[in-house]
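No lab work stands behind these numbers, since they all come straight from the coordinates. Not measured: the values here are computed from a predicted model. With ideal geometry, Cβ positions are generated from the backbone for all residues, glycine too; neighbour counts draw on all protein chains shown.
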Amino acid sequence: MAGSKSIAGIKLRDLCARLGVDYDEARYALARGIVPQGIDREPGRGNHRLFTPPQAYLLAIALKLKAGGVQTPHAGRLAY
């Protein structure tokens, strides 16, 4: 389709930098099950997760809740 742009995904490290949240905390949250629908829970070594804008938005909510003191499982349930 002429003039259409493909939506590039955002990497976790880039999302964390934009949000001002710790990358290791975000990785911990993903390991604990706060994973947006459509994202591999375990992508394998060396494979980076790429988040679509809606996935990144939901993950951002969960990460900000977690940074605000909400326990990881609860932050995931509230965001999703």
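Tell me, what ³J(HN,Hα) does each residue in the stretch 61-78 have, in order and in whole Hz, if you take phi through Karplus 6.51 cos²θ - 1.76 cosθ + 1.60 with θ = phi - 60° and put x for Gly and Pro?
Values per residue, Gly and Pro as x: 4, 4, 5, 5, 4, 4, 5, x, x, 6, 4, 3, x, 5, 4, x, 5, 5 Hz.
How do the peptides 49-61, 15-27 rank, highest first, by the average count of neighbouring beta carbon atoms within 10 Å per residue?
In descending order of packing, they fall as 49-61, 15-27.
Could you please report the charge total around TYR23, scoring K, R as +1 and D, E as -1 over all other residues with beta-carbon less than 11 angstrom from its beta-carbon?
Overall, the nearby charge balance is -1.
Could you work out how far apart the two model spin labels at LEU50 and ASP14 are, taking each label as a point 7 Å from the Cα in the direction of the beta carbon, and quote it in nm?
Here the modelled spin labels are 0.9 nm apart.
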